[in-house]
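The values are calculated or read from the model by the stated rules, or taken from the named source; none is laboratory data. Everything quoted here is computed from the prediction, not taken from an experiment. Heads up, the Cβs are rebuilt from the backbone with ideal geometry, glycines too, and the neighbour counts pull from every protein chain shown. In case anyone asks, the SASA skips ligands and DNA or RNA and just uses the protein heavy atoms, side chains included. Shrake-Rupley method; radii C 1.70, N 1.55, O 1.52, S 1.80 Å.
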Amino acid sequence: ELLIVQGRHNEAIDVCRALTDRYPDSRLADQAFLNIALARLQGGEPKEAIPLFEGVLGLRQADPNVKAEAQYSIGLAQEMIAQDQAQQSGQPVNLSAAVSSYQRTAEAFPNSHFAGEALKKNVNYYILAEDYTRALELLERVVRDYPDKPWLDDMVLKWGIASFRMGNPEEAKRKFTQVVEEYPGTKASVQAKKFLATLGS
């Protein structure tokens, strides 16, 4: 951790590798590797971060929550790479790799907080791409497969947004009303009320 703070990432990686070699069953190694990978990502080195995140996923004794964050962070890194490539080439951003990584996060770690974040990323991607049909298909699957997750309020809210964008204001109203009634006091319910006011409900 001290080496990470000092920006001496290569040395920190060597220390982590020594840790995993000497104490292969230690739960400290997974968090150490994750911290190094996150430091690389936050430092604008997404390509260098991805192999480290993959290394966390390969650790036998890694905590499932740490693995979930690693898989989700691969998507973040791929998103950064895609945005850089688009900026350099002048072409549209291709987020297909990131979308796949986010989907793997949700499938492999459905009970993790990062599953919800990953699914929201993909829904947002489809909405921004104006692919509302794909967005609604994903939302329907999410609501069916994850009925009790704490992040479901955001999904129902996005369902309303996608419905409105598709030109179905009545369905949008139903979804916004569902958020208000089933998830009172949440940030999603506050947003839903604003949308309902705009729609005249």
Condition met for ILE74 (within 23 Å of ASP131 (Cβ to Cβ), in a helix (DSSP H, G or I), at pLDDT 90 or above and open to solvent by less than 60 Å² (accessible area, probe 1.4 Å)): yes
Restricting attention to the range 164-201, the residues that are surrounded by 16 or more Cβ atoms within 10 Å (Cβ to Cβ), more than 18 Å from VAL123 (Cβ to Cβ) and aliphatic (A, V, I, L, M) number exactly 2
Quick one: in the range 109-163, of everything that is of a type in the set (Lys, Arg) and part of a helix (DSSP H, G or I), which residue is surrounded by the most Cβ atoms within 10 Å (Cβ to Cβ)? LYS158
Based on this model, can you work out whether VAL99 counts as within 20 Å of LEU41 (Cα to Cα), among the hydrophobic types (A, V, I, L, M, F, W, C), in contact with a Phe, Trp or Tyr (Cβ under 7 Å, 6 or more places away or on another chain) and surrounded by 14 or more Cβ atoms within 10 Å (Cβ to Cβ)? yes
Inter-residue pairs, beta-carbon under 6 Å, first of a type in the set (Val, Ile, Thr) and in the range 141-166, second modelled with pLDDT of 85 or more and surrounded by fewer than 21 Cβ atoms within 10 Å (Cβ to Cβ), 6+ apart: VAL156/GLN178
Helices (runs of 4 or more DSSP H) completely within the range 1-50 that count 3 or more residues being open to solvent by 60 Å² or more (accessible area, probe 1.4 Å) and of a type outside the set (A, V, I, L, M): 9-22
Given the conditions (1) within 17 Å of GLY116 (Cα to Cα); (2) modelled with pLDDT of 95 or more, every one holds for PHE176 apart from (1)
Pair list, Cβ under 6 Å, 6 or more apart: the range 120-140 residue in contact (Cβ under 8 Å) with a residue 12 or more places away in the chain, other residue small (Gly, Ala, Ser): VAL123/ALA135; TYR126/ALA135; ILE127/ALA135; ILE127/ALA162; TYR132/ALA162; ALA135/ALA162; LEU136/ALA162
Verdict on ILE81 being closer than 18 Å to LEU41 by Cβ and β-branched (Val, Ile, Thr): yes
Condition first: without any contact (Cβ under 8 Å) to a residue 40 or more places away in the chain and in a loop (DSSP other than H, G, I, E, B). Can you find one or more residues in the range 83-90 that meet it? yes
Of the conditions (1) free of Cβ contacts under 8 Å to residues at least 24 places away in the same chain; (2) closer than 30 Å to LYS149 by Cβ, the single one that ALA49 does not satisfy is (1)
